[in-house]
1. With springs only between Cα atoms under 10 Å apart, run a GNM on the chain and tell me which of His32, His19, His79 wobbles the most.
2. Once R0 is set to 41 Å, what does the formula 1/(1 + (r/R0)^6) return for the Cβ-Cβ distance between Asp31 and Trp135, expressed as a FRET efficiency to the nearest 0.05?
3. Of the chymotrypsin sites (Phe, Trp or Tyr not before Pro) in segment 134-214, which ones lie in a loop per DSSP and count no more than 15 other C-beta atoms within 10 Å?
4. Are there any chymotrypsin sites (Phe, Trp or Tyr not before Pro) in segment 207-255 that are in a DSSP loop and have at most 10 other Cβ atoms within 10 Å? List them by number.
5. If R₀ is 35 angstrom, what is the calculated FRET efficiency for the pair Phe246 and Cys276, using the beta carbon separation as r and rounding to 0.05?
6. With a cut-off of at most 11 other beta carbons within 10 Å, and DSSP calling the residue loop, which GluC sites (Glu not before Pro) in segment 194-288 qualify? Please list them.
7. Summing -39500 (n - 2.57) over the DSSP H runs of n ≥ 4 in the chain and dividing by its residue number, what mean residue ellipticity at 222 nm do you reach, to the nearest 500 deg cm²/dmol?
8. Hey, what D do you get for the chain in µm²/s if you plug the Kirkwood alpha-carbon radius into Stokes-Einstein at 4 °C and 1.567 mPa s?
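What follows draws every value from the coordinates through simple rules; no lab data is involved. All values derive from a computational prediction rather than experimental measurement. Glycine also receives a Cβ, built like all others from the backbone with ideal geometry; neighbour counts cover every protein chain displayed.
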Amino acid sequence: MNATLNALTIDVEEHFQVHAFETVVDRAAWDHYPSRVEANTRRILRLLAEHNVRATFFVLGWVADRYPQLVKDIAMAGHEIGTHGYWHELIYRQTPDEFAADLNRSLEAIDRACNGCQPAGYRAPAFSITEQSLWALDILRDHNLTYDSSIFPLAVHDRYGINNASRFANKTDGGLWEFPVSTIRLGNQNWPVCGGGYFRLFPLWVTRRAIHHLNTHGNPAVIYLHPWEFDPTQPRISPAPLLSRFRHYVNIHKTESRLQSLLTEFQFAPMCEVFCSHLEMNECAMPS
């Protein structure tokens, strides 16, 4: 097994809350869709327990309010709890006051769910801290968060990316640590390889080789996945545009087996453990 410790992160949200479906799924109707997040997250928890692996779970406040026992069980299983905001809204579509209110509501929901749990980390819905919303970093710091994992060092995407952003751990001007998800540098471009649709679209050997490359050069990989990516039988959102459906459903039946393969080959841990040289362990939302 590879000796480098890599970060495994899970963005805990429902299958119908993704931005690919926002044109056909209204937030006001969320409670009327069949919920799958609890069963899917517990499926991940069982898989990680089988491999004795702990991870970071960035929990949506909306989920924490509806499934507080799930959040408590994630923490009690030894995983780190981070926040994914409350309403899964893109940051650059909010004002600073709206973002601060959403963030605060998510922290309160997580706090209620796991009895005083104080997340150290944040991940924006759809990595929506961009050049237009860097102001959000100061708000995260003001809410006593110590790290962010929302800036995607990527040039071309319709919703996210900062082309000249650092690909590795770095401290922002406001003193917040940034731990971006992993990319590989090829042909003067950064290429996403370690999570989400990219994890499902590209052959597994691409992800495996990318992690080996990062580790060989002394860098941990930061991988992100979602509970709905482990659910090939989830209800289809058929009215969504073709591209949106492709992004969401491509190779969804392969996620679990691919992750299982990586868990046998590489070492994984929560963000606060992988980046413990940057953070104090007692700053992270881990069970005592």
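1. Fluctuation is largest for His32.
2. Calculated value: 0.85.
3. Trp135
4. When the chymotrypsin sites (Phe, Trp or Tyr not before Pro) of segment 207-255 are filtered for loop state and at most 10 Cβ neighbours within 10 Å, nothing remains.
5. In this case the efficiency is close to 0.35.
6. Glu280
7. -9500 deg cm²/dmol
8. Approximately 69 µm²/s, per Stokes-Einstein.
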